[in-house]
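Written out below as structure tokens is the structure these notes cover.
The values are calculated or read from the model by the stated rules, or taken from the named source; none is laboratory data. Because the structure is predicted, anything quoted here is derived from the model rather than measured. Positions of Cβ are generated from backbone atoms using ideal geometry, with glycine treated the same way; all protein chains shown enter the neighbour counts. With ligands, DNA and RNA removed, areas are computed over all heavy atoms of the protein, side chains included. Shrake-Rupley method; radii C 1.70, N 1.55, O 1.52, S 1.80 Å.
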Amino acid sequence: MKQQLKVIQLMHTAFCVAVFTFAMVGLLINQSKLFFQSPNGYYERGFILTAIFSSTISNILFNSLIANIDSASDTKSKFIRYQRAFLTKCGILEAGSMVNLVVFLMHGNLYFLIFAGMPFINLVMSRPTASKVADTLSLQDTDIL
């Protein structure tokens, strides 16, 4: 189980590095035309809502997938279902960040960079550890992980 936990931690790190690298590339490309202005149109406000909804929906979906795990299952099958729920959460959070980063890359408006940070911070804070996984899956012994 420790190896499987390391694998999911590596995947989490890859999600985080991808978002952070894309943000840094966007800053480097747009460094001469950066500005900070509140979006005027409905189209631009939709991207901000994407960041907010991705954070909310990822947590709701993660919790519902975890709730569907049978408590009588063995640890290995519980962990496999946890992986599925966690990767779903990471994918939704990354999508919320990336959408806003693409808009930031196109326009150079730092407002979108800030809203790309919301799902990214949620993504960073959700790093799986042995104790978090044991608490989430209601495991008795954390040494298993």
Exercise. Name the residues whose placed amide hydrogens come within less than 5 Å of the amide hydrogen of residue 126, ignoring near sequence neighbours (fewer than 5 apart) on the same chain.
Key: none
Quiz item: How far apart, in nm, are two points set 7 Å out from the Cα along the Cα-to-Cβ line at residue 10 and at residue 36?
Solution: 4.0
Quiz item: What FRET efficiency, computed as 1/(1 + (r/R0)^6) with R0 = 25 Å and r the Cβ-Cβ distance, is obtained for residue 132 and residue 28, rounded to the nearest 0.05?
Solution: 0.15
Quiz prompt | Size of charge dipole - the chain - debye, nearest 20, with Cβ of Lys, Arg +1 and Asp, Glu -1, no other charges | solution = 160
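Can you tell me the FRET efficiency between residue 80 and residue 114 if r is taken as the Cβ-Cβ distance and R0 is 35 Å, rounded to the nearest 0.05?
Numbers: r = 36 Å, r/R0 = 1.04.
So, using R0 = 35 Å, E works out to roughly 0.45.
Using a 1.4 angstrom probe on heavy atoms only, work out the carbon and sulfur share of the accessible area of the chain in %. Intermediate values should be presented prior to the final figure.
Numbers: 5250 of 8070 Å².
Heavy-atom surface of the chain belonging to carbon and sulfur, 1.4 Å probe: 65 percent.
At 1.4 Å probe size, with every protein chain present, just tell me what the per residue accessible area of segment 48-127 comes to in Å².
On the way: 3720 Å² over 80 residues.
Ligands and nucleic acids excluded, the figure is 47 Å² per residue.
What's the extension gain from residue 56 to residue 73 if we count 0.36 nm per residue and subtract their Cα-Cα distance? Present the calculation step by step, with values, prior to reporting the outcome.
Numbers: separation 17, 0.36 × 17 = 6.12 nm, distance 2.82 nm.
Length difference between fully extended and current span is 3.3 nm.
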Quiz prompt | Mean ellipticity per residue at 222 nm, deg cm²/dmol - from DSSP H runs of n ≥ 4 across the chain, formula -39500 (n - 2.57) | solution = -26500 deg cm²/dmol
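What percentage of all Cα-Cα pairs in the chain are separated by more than 22 Å? Spell out each step's value before the answer.
Details: 4670 of 10440 pairs.
Across the chain, Cα pairs with separations above 22 Å total 45 percent.
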Quiz item: How would you rank 95-107, 45-57, 24-36, highest first, on the average number of other Cβ atoms within 10 Å across their residues?
Solution: 95-107, 45-57, 24-36
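Span-like helices, the chain: DSSP H, alpha-carbon axial extent 15 Å or more, mean Kyte-Doolittle 1.6 or greater, which ones? Please report the intermediate quantities before stating the final value.
Values: long enough: 2-29 (40 Å, 1.35); 42-67 (36 Å, 0.90); 75-107 (48 Å, 0.47); 110-125 (22 Å, 1.99).
Correct list, ordered by number: 110-125.
What whole-number value in cubic angstrom gives the convex hull volume per residue for the C-alpha atoms of segment 59-145?
Numbers: hull volume 6.9 nm³, N = 87.
It is 80 Å³ per residue.
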